[in-house]
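Have a look at the structure below before the remarks.
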Amino acid sequence: MPNSAVANCDDLHSEQTLKGEFPSCRFSVAPMLDWTDRHCRYFHRLLSEHALLYTEMVTTGAIIHGKGDYLAYNDEEHPLALQLGGSNPADLAHCAKLAQERGYDEVNLNVGCPSDRVQNGRFGACLMGEAELVVQCVSAMREVVDIPVTVKTRIGIDEQDSYQFLTDFIGTVSEKGGCDNFTIHARKAWLKGLSPKENREIPPLDYPRVYQLKQDFPHLTMAVNGGVKTLAEIEAHLMHLDGAMVGREAYQNPYMMAELDQRLFGSNKPVKKRREVVEAMYPYIERQLADGSYLGHITRHMLGLFQNMPGARQWRRHISENAHKPGAGLEVLQQALDKIPAHLDV
């Protein structure tokens, strides 16, 4: 049962996306290991109704053989995509089917992570060198789900960084695998010699290459990832592409998303103040604490909310020093909020 094609978001975001018929590709928060867990995603959803949120990368082995529930999420997180790590088509198909049954809006295949652990498992960025295997993986998933199956990749790996290599990869995966939606991290990955952190910073960004890719494959939906920090930069990318994905900036400075719905999705709702976002988290935090979660596991994602504002350092310090203590509750967050000058309309 193949999934229906995802149309160009520039044409349809004002109609179908806002109705929730499929995830928007105009703006998304990148999958980030140890960061974009369900608490983080709930918090980000308070800042934007329309941003597409991604899980951390979850391996097929963890889902199939792990003891925990690696597909758990809050209903409020939609639209929500599951990013899978793996290279066994049957396992990926099984996990994609589970994701659809659990209500995920999209399944994304990781073809961009450069870590040694991922390479040893034969998935992530090293799959760029095995386009035919990626075709098998995407095809297997598309046969069993109706939700979009997408790919996140790089512009190259190691010495295989020519534009021809990139177009061959995209052409093969799109034509043979049926994938019509790609997010391109505009850096190549060095599989040997650089750490994952260095791979996010050292290889130079090449946005024009991604723009050219969209020109050469106009029928495909394409978003750019890597180094994107402001709404102005996103709007500039949208002059050339269907979407932009933001990673570290959305986590470290989450309030950059506050005007997202108004500027990118035509929302006429008022922009939320930072204090409003904090207070909107209170009921969620109370529920999670009642279910046995630790306060620090939730509030760690909120530390950057007041970045560059008076009182931001005191806000971060109070939470960091107190949220991990036994029995820590909502009062820690309320006390931290008191560190922000009351006269500020934030």
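The values are calculated or read from the model by the stated rules, or taken from the named source; none is laboratory data. Computed from a predicted structure; not experimentally measured. Ideal geometry is used to build each Cβ from the backbone, glycine not excepted, and the neighbour counts take in all protein chains shown. Areas reflect the complete protein model, heavy atoms only, side chains present, ligands, DNA and RNA absent. Shrake-Rupley method; radii C 1.70, N 1.55, O 1.52, S 1.80 Å.
If you check Gly292, Gly304, which single one turns out to be out of contact with any helix residue (DSSP H, G or I) (no Cβ under 6 Å at 6 or more places or on another chain), outside any helix (DSSP H, G or I) and open to solvent by less than 90 Å² (accessible area, probe 1.4 Å)?
Details: Gly304 fails: out of contact with any helix residue (DSSP H, G or I) (no Cβ under 6 Å at 6 or more places or on another chain).
Within the list Gly292, Gly304, the selection yields Gly292.
Quick check on Gly112: is it under 27 Å from His240 (Cβ atoms), among the small types (Gly, Ala, Ser), in contact with a strand residue (DSSP E or B) (Cβ under 6 Å, 6 or more places away or on another chain) and buried (at least 22 other Cβ atoms within 10 Å of the Cβ)?
Working: under 27 Å from His240 (Cβ atoms): yes; among the small types (Gly, Ala, Ser): yes; in contact with a strand residue (DSSP E or B) (Cβ under 6 Å, 6 or more places away or on another chain): yes; buried (at least 22 other Cβ atoms within 10 Å of the Cβ): yes.
Criteria met by Gly112.
Taking the options Gln252, Gln212, name whichever one is open to solvent by 50 Å² or more (accessible area, probe 1.4 Å), in the same structural domain as Gly177 (by the TED database) and under 23 Å from Leu344 (Cα atoms). Let's see the steps before the verdict.
On the way: Gln212 fails: under 23 Å from Leu344 (Cα atoms).
Of Gln252, Gln212, the one residue that is open to solvent by 50 Å² or more (accessible area, probe 1.4 Å), in the same structural domain as Gly177 (by the TED database) and under 23 Å from Leu344 (Cα atoms) is Gln252.
Would you mind telling me which numbered condition in (1) more than 25 Å from the chain's Cα centre (by Cα); (2) surrounded by 19 or more Cβ atoms within 10 Å (Cβ to Cβ); (3) part of a helix (DSSP H, G or I) Thr299 fails?
Only one criterion is unmet by Thr299, namely (1).
Out of region 46-61, which residues are closer than 20 Å to Thr150 by Cβ, over 12 Å from the mean Cα position of the chain (by Cα) and outside any loop (DSSP other than H, G, I, E, B)?
Keep residues of region 46-61 that are closer than 20 Å to Thr150 by Cβ, which gives 48, 50-60.
Remaining after also requiring over 12 Å from the mean Cα position of the chain (by Cα): 48, 50, 58-60.
Selection gives Val58, Thr59, Thr60.
Can Arg117 be described as outside any helix (DSSP H, G or I), at pLDDT below 95 and assigned by the TED database to the domain that holds Thr60?
Details: outside any helix (DSSP H, G or I): no; at pLDDT below 95: yes; assigned by the TED database to the domain that holds Thr60: yes.
Judged against the criteria, Arg117 is not a match.
Mind checking whether some residue in region 288-297 is in contact with a Phe, Trp or Tyr (Cβ under 8 Å, 6 or more places away or on another chain) and at negative phi? Please lay out each step first, then the result.
Of region 288-297, the ones in contact with a Phe, Trp or Tyr (Cβ under 8 Å, 6 or more places away or on another chain) are none.
Checked against the condition, which is being in contact with a Phe, Trp or Tyr (Cβ under 8 Å, 6 or more places away or on another chain) and at negative phi, region 288-297 yields no hits at all.
Of all residues in region 307-329 being among the basic types (Lys, Arg) and not in a loop (DSSP other than H, G, I, E, B), which is most open to solvent (accessible area, probe 1.4 Å)? Can you show your working first?
So the first thing to find is which residues in region 307-329 are among the basic types (Lys, Arg), and the list is 313, 316-317, 325.
Remaining after also requiring not in a loop (DSSP other than H, G, I, E, B): 313, 316-317.
Numbers: Arg313: 158, Arg316: 91, Arg317: 126 Å².
Applying the filter and picking the extreme gives Arg313.
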